[in-house]
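Here the structure is laid out as structure tokens; the discussion comes afterwards.
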Amino acid sequence: MAKMVGIDLGTTFSAIAYLDESGRPGMIEFDNGKKTLPSIVAYDGEEIVVGESAQRNEFASTAIRRIKRKMGTEHSAELNGRKYTPEEISAFILKEIKNRAEEALGDKIKDVVITVPAYFNDNQRQATKNAGKIAGLNVLRIINEPTAASLAYGISENDDLNIVVYDLGGGTFDISVLNVADGIFEVISTAGDNELGGEDFTRRIQDVIVKKFKDETGIDLTTDPLAMSKLYDAVESAKIELSAKESARVKVPFITADEKGTHDVDFELRRDEFEKLISDYIERTITLTKQAVSDGKLELSEIDKVILVGGSSRIPMVRRSVNELFGKTPECSLNPEEVVARGAAIQSGIVQGDLSGIVLVDVTPISLGIEVENGYFVPIIERNTPIPTSAKRIFTTVVDNQKSVDISIFQGESMYVSNNITLGKFRLEGIRQTRKGDPRIEVTFELDVNGILNVRAMDLDSESAQGITIVNDTRMTEDQLQKMKENHQKNFGPEIKKRKHLTNVLKMKTKAESIAVKIENAIPPAYRDHLIREEVAEILRTVEEAVIEIDVKKMESAIGGLEFIFTELKAGSYTDSEKIA
């Protein structure tokens, strides 16, 4: 029997969980025992690669990252001269996750539950579902990430509790307020920001270092994609280290060179400096948290439990700020990077009927409605309405003897449609011709359990109904989805075979870079270090070539050269001609 699983399709990392025979969620492990896969896609010269394979520095300027932020838009990304939609790029990631999971479980995967940020609009949810179809998956349910996290934490809860789920990931922030009682999980309010996450913190640090480097050397690192990629990785590592230490160093040897020789980045970052840099971001999350609690018609003191989700929730300032807001220690006993996928797997068990006694009641995070005269927005389904749901409103004509009406659908909270998100437009034909204001046109909005919208209209006076299709360029026909699916099947075949060889080369690359750092630390001040550095830089270029070519022998030779230099340095065997006169 094919496995049914839950997938956390993340902005920076993705994960997949399944239910074991006892009904408990388990995580699929990827390379080196990691339970998350980088949400990165690249072209390696022969085929599309995903995850660790696409994360290599040589793809710095062409790799596609953070595509989740573009879901539901007309954005396109280019790989090997071809443009791909966000759905297609996400499908590459989902296909990779599916293949890895099938290898690990020894079973086929078809039916899935996929999570999305609570603040994803209808276009973004539909785009996520389309991505699953392209990847060959049957998406049974789209659920909100904070809701999934609450399932992972609260499945055994029987008490009547008000829970806040604070989800700060790599690319998005979501806050949800839920009530859990007798196995019923009811989301009563949500808020969030799709453009706020840990990557923004990393880039703010990176900007500071880039400015300092330019002030000291006159070199603008932003013009060198490879240098910026290496710096970003180093900053990201230092940022993570700051969650456990008071300071961390951002070190990138040989990041660039000019007529004066090679240059390094060596920057000390203290935790208090980091907190000052991101204080406005954290304050933004606290403001949204207060808004969500208020929208749920609760006081902060009425919140019984606070759950932290997302890798960025590990930051001490985050935990301290949340603690101060609610006056209680937040719950973080489960790995914050795994909890959403675990909850999605639980939801898959609920949908499949393997788990009983649990009912999930979700809400729509943003109001849905249509445009009326003068560009005003009229909500039909209000924000924080439990789903699935349907709602109706009566409208009329604005011109005598009008035969048809154009109805534009929007999502947002502004009274002006120009400030809201366009979801689509449809036309209702066959309206009874009479004076303006006489016809009664009933517009019905139906929002399903995935948060996906269907719209229909009917002229009540003539009792004639007409089906409506929302015309939206970000949506795709079944034929388009099938063509994309076939293209993905072609692209993924060869990559699986190469993955095992690449894993070994990447491990060796890590070893080579480690030796290079040791060499840097071992160079005596009395030596002309630029001579040694140039030799090391040349070997490191060979290392990069070996990765591109997946050449184990070339990599072994490079490592041998670095080990020789390090041994000679430690033994003091360099000649007097290398010393400063």
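General observations
- Scanning the stretch 254-287 for residues that are free of Cβ contacts under 8 Å to residues at least 60 places away in the same chain and assigned to a helix (DSSP H, G or I) yields Arg271, Asp272, Glu273, Glu275, Lys276, Ser279, Asp280, Ile282, Glu283, Ile286, Thr287.
- Against the numbered list (1) modelled with pLDDT of 90 or more; (2) among the hydroxyl-bearing types (Ser, Thr, Tyr); (3) assigned by TED's automatic domain parsing to the domain that holds Asp295; (4) in a helix (DSSP H, G or I), Ser150 comes up short only at (1).
- Candidate set: the stretch 201-231, residues that are among the acidic types (Asp, Glu) and either in a helix (DSSP H, G or I) or touching a helix residue (DSSP H, G or I) at 6+ places or on another chain (Cβ under 8 Å) (or both); chosen: the one farthest from Phe173 (Cα to Cα): Glu216
- Residue in the stretch 190-201 that is modelled with pLDDT under 95, farther than 21 Å from Arg284 by Cβ and buried (at least 20 other Cβ atoms within 10 Å of the Cβ) present: no
- Only a single item in (1) of a type outside the set (A, V, I, L, M, F, W, C); (2) buried (at least 24 other Cβ atoms within 10 Å of the Cβ); (3) under 24 Å from Arg24 (Cβ atoms) is not met by Glu102, and it is number (2).
- Residue in the stretch 259-274 that is of a type in the set (Gly, Ala, Ser), loosely packed, with under 14 Cβ neighbours inside 10 Å and not assigned by TED's automatic domain parsing to the domain that holds Thr36 present: yes
- Condition check for Arg141: outside the structural domain of Ile452 (by TED's automatic domain parsing) and within 19 Å of Gly343 (Cβ to Cβ): yes
- The single condition from (1) within 19 Å of Glu442 (Cβ to Cβ); (2) within 34 Å of the chain's Cα centre (by Cα); (3) in contact (Cβ under 8 Å) with a residue 60 or more places away in the chain that Ile394 fails is (2).
- Scanning the stretch 13-42 for residues that are over 23 Å from Thr510 (Cβ atoms) and not aliphatic (A, V, I, L, M) yields a total of 8.
- Residues in the stretch 546-563 that are at pLDDT below 85 and not β-branched (Val, Ile, Thr) were compared, and the one that is surrounded by the most Cβ atoms within 10 Å (Cβ to Cβ) is Ala546.
- Residue in the stretch 52-63 that is touching a residue at least 60 places away in the same chain (Cβ under 8 Å), aliphatic (A, V, I, L, M) and either in a strand (DSSP E or B) or under 24 Å from Met228 (Cβ atoms) (or both) present: yes
- For the stretch 105-118, the candidate set comprises residues that are surrounded by 21 or more Cβ atoms within 10 Å (Cβ to Cβ) and of a type outside the set (Gly, Ala, Ser); within that set, the residue that is modelled with the lowest pLDDT is Pro117.
- Exclusive hit being closer than 20 Å to Glu324 by Cα and not assigned by TED's automatic domain parsing to the domain that holds Arg383, set Val293, Val252: Val293
- Any hit, the stretch 17-24, residues being without any contact (Cβ under 8 Å) to a residue 40 or more places away in the chain, in the same structural domain as Gly310 (by TED's automatic domain parsing) and crowded, with 19+ Cβ neighbours inside 10 Å: no
- Condition met for Val455 (assigned to a strand (DSSP E or B) and under 36 Å from the mean Cα position of the chain (by Cα)): yes
- Residues that are crowded, with 18+ Cβ neighbours inside 10 Å and at pLDDT below 85 do occur in the stretch 530-542, at least one of them.
- All conditions in (1) surrounded by fewer than 24 Cβ atoms within 10 Å (Cβ to Cβ); (2) at pLDDT 80 or above; (3) within 17 Å of the chain's Cα centre (by Cα) hold for Leu140, with the sole exception of (3).
- Test set (1) of a type in the set (Gly, Ala, Ser); (2) closer than 17 Å to Leu168 by Cα; (3) modelled with pLDDT of 90 or more - Ala345 fails condition number: (2)
The values are calculated or read from the model by the stated rules, or taken from the named source; none is laboratory data. The model shown is predicted, which means the values in this text are computed figures rather than measured ones. Every residue, glycine among them, receives a Cβ derived from its backbone with ideal geometry; neighbour counts consider all protein chains shown.
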